[in-house]
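Each remark here refers to the structure printed beneath this line.
The values are calculated or read from the model by the stated rules, or taken from the named source; none is laboratory data. The shown structure was predicted, so the numbers you read here are calculated from the model rather than taken from an experiment. Here the Cβ is made from the backbone with ideal geometry for all residues, glycine too, and neighbour counts use every protein chain on show. When the accessible area is computed, the model is the full protein with side chains, heavy atoms only, and any ligands, DNA or RNA have been set aside. Shrake-Rupley method; radii C 1.70, N 1.55, O 1.52, S 1.80 Å.
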Amino acid sequence: NNNKEIDEVLKIFGQIANDTGCAIDLVHHVSKAGSGRSGDMDAARGASSMGGAVRSARTLTIMTDTEAEGFGVEPDRTRWYVRVDDAKSNMAPPADKTLWLERRSLDLGYDDEDGWTDWVGVLQTWKPPDPFDDLTVEQSREILIAIDAGTDDERRYNANKRGGSKRWAGHVIIEATGKSERASALILKTWITNGILKIDEYYNKGRRRQESGLILDRGKMP
């Protein structure tokens, strides 16, 4: 916790790097309060002078339950996935996308003489599943047209699912593709962000009042 003493230690490492022409990686740990704070240099335990001395820093954090839900990962598997984020970088801009790693067991092989086999834990890169995987252009068009057509009672679909709304447009995606609720929500959010679907006012003839709902911009359809 002593900034002056930590600074002296870091200077020794800097001198070693200078004398030998090598790069040095220091492995540190975060505080209990800092666990889960991806990309935050202040999550490091102890004196803050360490953050000022290093040229670049990365955080490694376990997948959260929210991230697991979005990726379709079972809750009891979250600790098998680790994300790497830039916490400080004086040499390059922050990474645009998160680097994910997956813990795996590597078989070191079987020794016929001694009759032993051994395994070692390793990390390998992991790519989160894309909600648009296996979704064809034809399917996308059919789903978008179905959303634009509205519900059976001539109301337009909603962008959110508050209160378990049956008018949530994600239900159309789930029914057409069999994708999870989370994946369907991400697809819907992407279409709204891209302007393919927009939230606008319309007149509900049955209820004789203005309501808001999703409307398709056919000029932006895939």
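Does at least one position in region 170-192 carry a residue that is exposed (fewer than 13 other Cβ atoms within 10 Å of the Cβ), among the basic types (Lys, Arg) and touching a residue at least 24 places away in the same chain (Cβ under 8 Å)? So far as region 170-192 goes, no, none of its residues is exposed (fewer than 13 other Cβ atoms within 10 Å of the Cβ), among the basic types (Lys, Arg) and touching a residue at least 24 places away in the same chain (Cβ under 8 Å). Within this structure, residue 125 fails the test of being among the β-branched types (Val, Ile, Thr) and open to solvent by less than 50 Å² (accessible area, probe 1.4 Å). The combined condition, being open to solvent by less than 90 Å² (accessible area, probe 1.4 Å), at pLDDT 85 or above and either in a loop (DSSP other than H, G, I, E, B) or within 30 Å of residue 129 (Cα to Cα) (or both), is fulfilled by residue 87.
Any residue in region 14-24 that is surrounded by 11 or more Cβ atoms within 10 Å (Cβ to Cβ), under 23 Å from residue 99 (Cβ atoms) and at pLDDT 85 or above? Yes, region 14-24 contains at least one residue that is surrounded by 11 or more Cβ atoms within 10 Å (Cβ to Cβ), under 23 Å from residue 99 (Cβ atoms) and at pLDDT 85 or above. Restricting attention to region 25-73 and to residues that are over 24 Å from residue 126 (Cα atoms) and open to solvent by 80 Å² or more (accessible area, probe 1.4 Å), the residue that is farthest from the chain's Cα centre (by Cα) turns out to be 48. Is it true that some residue in region 140-154 is of a type outside the set (Phe, Trp, Tyr), open to solvent by less than 50 Å² (accessible area, probe 1.4 Å), more than 20 Å from residue 219 (Cα to Cα) and touching a residue at least 40 places away in the same chain (Cβ under 8 Å)? No, because not a single residue in region 140-154 is of a type outside the set (Phe, Trp, Tyr), open to solvent by less than 50 Å² (accessible area, probe 1.4 Å), more than 20 Å from residue 219 (Cα to Cα) and touching a residue at least 40 places away in the same chain (Cβ under 8 Å). Inspect region 94-104 for any residue being exposed (fewer than 11 other Cβ atoms within 10 Å of the Cβ) and at pLDDT 90 or above and give the result as yes or no. Looking for residues that are exposed (fewer than 11 other Cβ atoms within 10 Å of the Cβ) and at pLDDT 90 or above, one finds none in region 94-104, hence no.
Checking the structure you have, find out if any residue of region 123-133 is free of Cβ contacts under 8 Å to residues at least 40 places away in the same chain and either more than 20 Å from residue 67 (Cα to Cα) or in contact with a Ser or Thr (Cβ under 8 Å, 6 or more places away or on another chain) (or both). No: zero hits. Residue 156 meets each of the listed conditions (1) under 29 Å from the mean Cα position of the chain (by Cα); (2) not in a strand (DSSP E or B) apart from (1). Condition (residue is in contact with a strand residue (DSSP E or B) (Cβ under 6 Å, 6 or more places away or on another chain) and not in a helix (DSSP H, G or I)) applied to region 68-81: is it met by at least one residue? Yes, region 68-81 has at least one match.
If you check residue 166 against the conditions, is it farther than 30 Å from residue 81 by Cβ and either touching a His at 6+ places or on another chain (Cβ under 8 Å) or part of a loop (DSSP other than H, G, I, E, B) (or both)? Against the criterion (farther than 30 Å from residue 81 by Cβ and either touching a His at 6+ places or on another chain (Cβ under 8 Å) or part of a loop (DSSP other than H, G, I, E, B) (or both)), residue 166 qualifies.
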